[in-house]
Amino acid sequence: NVSEHILLCGWNRMVESLIDSLQSMNESRKLNIVLINNENEDRISAIRNKYSDVKFRFVKGDFTRETILVKANLSMAKTAIVIPSDNLESGGHPDEKTIFATLTIKTMAPGVKVIAYLTERENLTHIRRANVDEVIMSDDFGAYMVASHVIDPGVPQTVETLMNTHQKSSLKRVPIPDEYFGKSYNALFDHFRSKGWVLISVFSEDEQIGIGEILSSDSSALDAFIERK
């Protein structure tokens, strides 16, 4: 059975650029991706052929259904990425399916990291109550880049370079050396500068709290639905 894999739930025009970025940034080992969607076999075969260095598995079906997620071996997955589909089967709002998928995945496998892509900011509260790990907003980056071109010319060009995974100069996460625990930020900055790197941030990751801990007592209709599930 496949394990330590990435679940890519959904299908839209960003799939290829997403896989391209994952492949470029993954230097340690071969990518292992399970696709869950309702696309036809020809489109999936085209992806397999384009990214021959990536190990793909394909599970056809609705990624909000538990039986489909079990087929994709959700319990052994490392990360689940949920993206809105271009064409929804039921004609509903794409964020509704994303929220429900996040809830289902987190209920079945709380330890799997879920990264969800939302189209509308007003749904942030709902998906956070479904215990999502990370949320990507469709309008955040674009709006920032446009404003920067107007207010701070030069900034968007720099950001584009750093965000381009094919460029030598790019953003990267590295662990803090043990000998710098408890020392100052300046000491750590000097350590990385001596290696030719620029330290721009220090962060830690905390465990997610449970769904019940963040649902309010005066729940909305969606809150009540999540609580029942």
Q.
Given all pairs of different Cα atoms, what value in angstroms does the Kirkwood hydrodynamic radius of region 36-165 take?
A. 16.7
Q. Which whole-Hz couplings ³J(HN,Hα) result when phi for each residue of region 44-54 is put into the Karplus expression 6.51 cos²θ - 1.76 cosθ + 1.60, θ = phi - 60°, listed in order with x for Gly and Pro?
A. 5, 5, 5, 5, 4, 5, 5, 10, 5, 7, 9
Q.
Taking the Cα centroid of region 114-130 and of region 12-70, what is the distance between the two, rounded to the nearest whole Å?
A. 22
Q. Taking the Cα centre of region 1-133 as the origin and placing charges on Cβ (Lys, Arg +1; Asp, Glu -1), which of 10, 31, 64 is farthest toward the positive end of the dipole?
A. 31
**Q.** region 1-98 pair-distance distribution - Cα-Cα, 5 Å bins, rounded %
**A.** 3, 12, 25, 26, 21, 10, 3, 1, 0
Q: Give the peptides 110-120, 93-103 in descending order of average Cβ contacts within 10 Å, highest first.
A: 93-103, 110-120
**Q.** Peptides 152-160, 9-17 ordered by average Cβ neighbours within 10 Å, highest first
**A.** 9-17, 152-160
Q. Karplus couplings for region 111-117 from phi (6.51 cos²θ - 1.76 cosθ + 1.60, θ = phi - 60°), rounded to Hz, Gly and Pro as x?
A. x, 7, 6, 10, 10, 10, 10
Q. So which of 113/168; 55/97; 71/113 end up more than 20 Å apart, counting from Cα to Cα?
A. 113/168; 55/97
**Q.** FRET efficiency estimate (nearest 0.05) - Cβ-Cβ, residue 25 to residue 48, R0 30 angstrom
**A.** 0.90
Q) In square angstrom, what is the accessible area per residue of region 30-183 with a 1.4 angstrom probe? A) 58
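The values are calculated or read from the model by the stated rules, or taken from the named source; none is laboratory data. Note that the coordinates shown come from a computational prediction; the quantities given were computed from them, not determined experimentally. Cβ atoms come from the backbone with ideal geometry, glycine included; neighbour counts cover every protein chain shown. Surface accessibility is based on the protein's heavy atoms, side chains included, excluding ligands, DNA and RNA. Shrake-Rupley method; radii C 1.70, N 1.55, O 1.52, S 1.80 Å.
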